[in-house]
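For reference, the structure is listed below as structure tokens.
Readers should treat all values here as calculations from the given coordinates under stated rules, not as data from a laboratory. Fair warning: this is a prediction, and the values are worked out from it, not measured in the lab. Note: ideal-geometry Cβ built from the backbone for every residue, glycine included; neighbour counts use all protein chains shown.
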Amino acid sequence: MSIKPQDLLNNKKDLEKRVKFEDISLNDISIDDLSYGGNNYNQYINLSSFLENVSTCQISDAFNEIAHRSGVLYNLKSINNLKTWGKITTVKTNSDDWGTITVAIDEANDGDVLLVETSDMDAAIWGELASTCAKNNGVKATLVYGCVRDLDALLTMDYPIFACGFRPNAGKPLGLGEINSDLVLESMKISPGDFLYGDETGVVIIPKEYFTQVMEKTLEIKIKEKNIADILNSGKSLSQVVGLR
């Protein structure tokens, strides 16, 4: 049977579709549903809708309830106040070697976030040109445990950047670092493929094996907080809601 072009158009999935929060279902989701693989449309749309409506605070609370850990990288802060999430591609390099990140951009999967560990804060290893290249290659965001530069451009780019600081100077394209090896940051082991969520408040890392459980708990917390907000808006005080009065 021949397939007409119109048939393909009619069957094309709308990956920008979003579900109302009250209709979101996280049944059968996994970390692989962060990207659309052809047979997971409903899971992808529901998970994307969900992640757009939660925060690092709720995800950290959920992880703490499950694993008694916060998952927070305390020194990473948003540069341009854009929210992001995704599987992690890890990078480890010296602050005088920005060449490794150019290779990592090519190696990362579409929709991944780059988490870069640098040796120190002496120089920036990321800036405007790297952000432009990464965005064009389908990388979702970059988080540098070290310094970035070109803030005049990064502040207005539609590309999430997180860092510990910023410097105007940079090193050289040496390419001597490591890609997709385990990192240890703030005593936290981070593996390639772990989940990262970042927003204006900070950055949370969730090990891949906890992903589904943490998402389900985050949904519970989000619903609970919404119900509390409704009670507060009805006239009760927070001390009454938590049972202190």
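The value given for the stretch 77-206 is a Kirkwood hydrodynamic radius of 14.0 Å, derived from the mean inverse Cα-Cα separation. Only the Cβ atoms of Lys and Arg (+1) and of Asp and Glu (-1) were treated as charged; on that basis the dipole of the chain about its Cα centre amounts to roughly 600 debye. Modelled label positions at K20 and S234, each set 7 Å beyond Cα in the direction of Cβ, lie 2.1 nm from each other. Taking the Cα atoms of the chain, the ratio Rg/Rh between the radius of gyration and the Kirkwood radius comes to 1.03. Ordering I79, M121, V148 by Cα displacement along the dipole of the stretch 77-206 toward the positive end leaves I79 in first place; charges were set at the Cβ atoms of Lys, Arg (+1) and Asp, Glu (-1). Taking every alpha-carbon pair under 8 Å whose residues sit at least 6 apart, the chain reaches a relative contact order of 23 percent. When +1 charges are put on Lys and Arg Cβ atoms and -1 charges on Asp and Glu Cβ atoms, the dipole computed for the stretch 161-235 relative to its Cα centre reaches about 180 debye. For the stretch 142-245, averaging the sequence separation of C-alpha pairs within contact (under 8 Å, six or more residues apart) and dividing by the residue count gives a relative contact order of 13 percent. Would you please calculate the Kirkwood hydrodynamic radius of the stretch 1-128 over all C-alpha pairs and express it in Å, rounded to one decimal? Final number for the Kirkwood radius of the stretch 1-128 is 17.9 Å. Distance between the pseudo-spin-label points of I66 and N227 (7 Å out from Cα toward the beta carbon): 2.0 nm. Distance cut-off 32 Å, Cα to Cα: go down the list K17/K222; K135/K224; K92/K224 and report the pairs above it. Among K17/K222; K135/K224; K92/K224, the Cα-Cα distance tops 32 Å for K135/K224; K92/K224.
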